[in-house]
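Worksheet for the structure shown next.
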Amino acid sequence: MQKKLAGIFFTYRSYTPIPFVLLMLIMERPTIVSFLIGLAMVILGESIRFWGVCWAGSETRTTGGVGGTFLVISGPFAHTRNPLYLGNILMYCGFGVMSYALYPYLLIVAFLFFALQYHLIVSQEEEYLRGFFKEPYAEYTKQVPRFFPRLTPYKNPTVEQPEFEIAAGFRSENRTLQAATVVTLAILVRWYFL
């Protein structure tokens, strides 16, 4: 059951924020302070995501199944095993703070939902990575936390790494950047007409 639920969450992970965004837009009551703090959180979350996809590339966009060509341990992956999910949670919480919708209750419910979703997804991804990359991945998991970043970067020169590609990062992150811009503008427009 848990594996099936993880597969559903993995496949539809791009769409699970939509109900929260709609409720947030309906119930928003931003202030200048909440908007600016939330915007800073969104920018930080997107920066972490962008840094990650410049290393991991478009493989992060797959919905067909868990997989990967490289065991990426460079960039933000040297500090946390799941920088894209960490970036997502920062962005979602940032939008919650920005909108000040049903604050803090909607923010808490959304955080708990996405923590559960990512826990299930990561469990499935880690099962694949353990089987595919074997000992290098086992060593990586001993040294690098699942979510909370370590301060010093993990290094293992024996693990082949992909190239850092900013252009590929922009291509891969195009949809996320568009969605973040649309949600931010929607909050501003609703705020203006409140």
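The values are calculated or read from the model by the stated rules, or taken from the named source; none is laboratory data. Being a predicted model, the structure only gives us computed values, none of them experimental. Neighbour counts run over all protein chains shown; Cβ positions are idealised from the backbone, glycine included. What goes into the accessible areas is simple: the full protein's heavy atoms, side chains included, and nothing from ligands, DNA or RNA. Shrake-Rupley method; radii C 1.70, N 1.55, O 1.52, S 1.80 Å.
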Exercise. Among PRO145, TYR100, LEU194, whose Cα lies farthest out toward the positive end of the dipole of the stretch 85-194, if unit charges sit on the beta carbon of Lys, Arg (+1) and Asp, Glu (-1)?
Worked result: LEU194
Problem set entry | Helix 18-27 vs. the chain, principal-axis angle (Cα, 0 to 90°, nearest 10) | 20 degrees
For this session: Determine the gain in length on full extension of the stretch LEU116-THR181; use 0.36 nm per residue of separation and subtract their C-alpha separation, reporting nm with one decimal.
Result: 20.8 nm
Exercise. Magnitude of the Cβ-charge dipole of the chain, K/R +1 and D/E -1, about the Cα centre, nearest 20 debye?
Worked result: 340 debye
For this session: Quick one: angle between helix 166-193 and the longest Cα principal axis of the chain, in degrees between 0 and 90, rounded to 10, please.
Result: 20 degrees
For this session: May I ask for the angle, rounded to the nearest 10°, between helix 83-99 and the longest principal axis of the chain, with both axes built from Cα atoms and the value confined to 0 to 90°?
Result: 10 degrees
Exercise. Averaged per residue, what accessible surface does the stretch 35-194 expose to a 1.4 Å probe, in Å²?
Worked result: 53 Å²
Seminar exercise, completed: Among TYR140, TYR105, TYR85, the residue with the largest mean-square fluctuation in a Gaussian network model of the chain built from Cα contacts under 10 Å is TYR105
